[in-house]
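**Q** Below: one structure in structure tokens.
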Amino acid sequence: MENQTILVSGITNREFIERYAQPGRVGLCGGTTKIDSVIRLAQRHLHAEHRWSDWSHAFLFEGKRVDDQHWVLESDLQILRKNIQLGVQENRADKYFDEKMFPTLAVLDFGLSETQATTILREGLERVASRERYSLRELIGTLLVLKQPELRARENRLAQERSVYCSAFVKQLFHKAGIDLVPGVSGKNTAPHDIAHSPLPHVKYLLLREMPGEKVAALAKKIKTGVRARLDKIKRR
């Protein structure tokens, strides 16, 4: 299998997932929340043109259940009414049906064998059962070294036991099946953009709705202003 990107248009997020999701395939999304935007902005150091990454989150498709719904395995921060989920979890893929919240989606097919897919899903379910936490601390550690490629092969300086963020979770699951999605980058220094541009042979199904340029510029300015304000507050303490 050679690397191949198949651009998809004219369909909804639901139709895209229904068409391309399969057990063991990797899902990627570019969200529009503030934290998604911060992650996309930080990954500009990985982009050849130094622009925002399209990706802020990575997850794994499990396949359909008896409810006839696609389910995903992911390490995520999720707040639903009064219910807070923080860490490795199972969710219905319909959480990604909202085009305004998730204008960009991708499904990556690495051509896994049935045995490889089973190994990966089994490991993911074990992490769900053990209630592995989401690690915002490790995510920050990863974002801090994006400008220093020589540090990305080392262990994450802010690594914690029994905790992991989204793209590191996906890389670890594939590692369990003997597959290194991003050679040369430590597991807990792996960003969603790294997964999206894995050098391993794969087919990428891409549904891309670009945000208008003026909206991106305004959002970037807002984020930078917020970061500066936070740093000034810390300095005054």
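No lab work stands behind these numbers, since they all come straight from the coordinates. Predicted model, so just to flag it, every value in this text is computed and none were measured. Every residue, glycine as well, gets a Cβ built from its backbone with ideal geometry; the counts of neighbours run over all protein chains shown.
**Q** Would you mind computing, in nm to one decimal, how far apart the modelled labels at A129 and R154 are, each placed 7 Å from Cα along Cα→Cβ?
**A** It is 3.7 nm.
**Q** Please identify, among G124, G31, G63, the residue showing maximal mean-square fluctuation in a Gaussian network model of the chain using a 10 angstrom Cα cutoff.
**A** The residue that fluctuates most here is G63.
**Q** Most fluctuating residue of G30, G184, G141 in a GNM of the chain with Cα springs under 10 Å: which is it?
**A** Looking only at G30, G184, G141, the biggest GNM fluctuation is shown by G184.
**Q** Near K204, which aspartates and glutamates are there with a Cα under 13 Å away, not counting those fewer than 8 places off in the same chain?
**A** By straight Cα distance, K204 reaches E2, D109.
**Q** Continuing with the same structure: If you take the square roots of the eigenvalues of the alpha-carbon gyration tensor of the stretch 17-121 and sort them as a ≥ b ≥ c, do you get rounded (a/c under 1.5), prolate (a/b over b/c) or oblate?
**A** Oblate, since a/c reaches 1.5 and b/c is not below a/b.
**Q** Only helical DSSP H runs with n ≥ 4 go in: add -39500 (n - 2.57) per run for the chain, normalise by residue count and round the 222 nm mean residue ellipticity to 500 deg cm²/dmol.
**A** -10500 deg cm²/dmol, from helical runs alone.
**Q** Run the quick spin-label model on I11 and H47: label points 7 Å from Cα toward the beta carbon, then report their separation in nm to one decimal.
**A** Result for the modelled spin labels: 2.6 nm.
**Q** Using Cα springs under 10 Å in a Gaussian network model of the chain, which residue among E161, E99, E74 shows the largest mean-square fluctuation?
**A** E161
**Q** In addition: Run the numbers for L208 and D67: contour at 0.36 nm per residue of separation, minus the present Cα-Cα distance, in nm.
**A** 47.9 nm
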